[in-house]
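Have a look at the structure below, then the notes.
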Amino acid sequence: MSVDSDQGSSEPPVDLDSRYQYRIFLGIEHQQNQQLLAKLLGQFYSLQTSPIDVRSWGSAYDLCIFDSLFLGRFKERIAAQREAASPVFLPFLLLLKRAHLPLLTPSLRQQVDDVITMPVDQTELLLRVESLLRARQQALKLSALLAQEQLLEQQILADNQVLQAMAVQDSLTGISNRRAFDDKLAYEWKLGRREQTSLAVVLCDVDHFKAYNDTYGHVLGDQCLRAIAGVLDTVIRRPADMAARYGGEEFALVLPNTDREGAMHILNRIRRTLKARAIPHQNSPTSPYVSFSVGMAVAVPSDTIQPDDLVRAADAALYQAKAAGRDRAVVAPALDGG
């Protein structure tokens, strides 16, 4: 087996991108053929005759050229490269005696991308090499495009997640907003109806908040609302519970699987925590510190009442708390099933 050095010419491939340094591995057991191939291909490409770790072939080489002896000796390693983690196409070219073509089984044929018979016409060899390298370069470009598309998709997904989070998050306080409250209440209502567990809704209104804004200004007013949201978010510890900004200076709680006693325990902790913060409110007729009025309603969801009934009951209790002098909590009368 030999490379025919008298046929054709050794002109370089005409359309190769000169800026790209192709790397070719020569797995040629026949020493004379290896020398001839190295002399011919070494004019145009970077050659390597000692294979590195098979797991790195996809990044180390752009083309592998084997003879039948090398393929037979390292067929397991070559097959492993076909199954390697790198998804980028790495072409394999087999040099084979014409008389040995009948011995090329389908399984061996699947391990290579092209076969060229010996003795080899130099021009044909260079054209075959160029064709495989072009395929490799196109595969690399496609892989880069796919990677960019994946990054773009990931960025779009991340942006959508941010937008979805923003859609249910109050921009001022950082806790859930009214939309999130409504969705949460609807979900927990269905769950409570199925499980027949109590559900509590709490509405909180900051006492004399207009007077607070008039006294301290809207910047400190916003800080006050953030502080109250922080108190609610700190006290609400169970994963299923939710604190939300209901609107303006109103806040709301959804407390699944919570009866009146449990809800009052949470409310007392919230009121104690807020009093401990001691946010000054010098023009409040109720307290020298920021306080809020609370209305609470509890029910076991059923077919005879709706989530809105629970919210209306809590709102009525909140109105009573305000009418009774503020800075207090009022529990609504039991609803059907409450």
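What follows draws every value from the coordinates through simple rules; no lab data is involved. Predicted, not measured: the structure shown is a model, and the values here were computed from it. For neighbour counting, all protein chains shown are included, and Cβ atoms are generated from backbone atoms with ideal geometry for every residue, glycine included.
Data overview
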quantity: Candidates 303, 170, 182: whichever shows maximal mean-square fluctuation once the chain is modelled as a Gaussian network with Cα springs under 10 Å; calculated: 303
quantity: Peptide ranges 216-223, 289-296 listed from the most packed, as the mean C-beta count within 10 angstrom indicates; calculated: 289-296, 216-223
quantity: DSSP H segments from the chain that extend 20 Å or more along their own axis, Cα-based, with Kyte-Doolittle mean of 0.0 or above; calculated: 122-167, 218-235
quantity: Relative packing of 314-324, 63-73, 200-210, 142-152, which averages over residues the other C-beta atoms within 10 Å, highest first; calculated: 200-210, 63-73, 314-324, 142-152
quantity: Square roots of 5 times each gyration tensor eigenvalue, C-alpha, segment 178-331, largest first, Å; calculated: 28, 15, 13
quantity: Mean separation of Cα contacts under 8 Å (6+ apart) over length of the chain, as relative contact order %; calculated: 14 percent
quantity: Cubic angstrom per residue, convex hull over Cα atoms of segment 123-198; calculated: 128 Å³
quantity: Distance histogram in 10 Å bins (all Cα pairs of the chain, percent per bin); calculated: 5, 19, 18, 8, 5, 6, 10, 13, 10, 4, 0
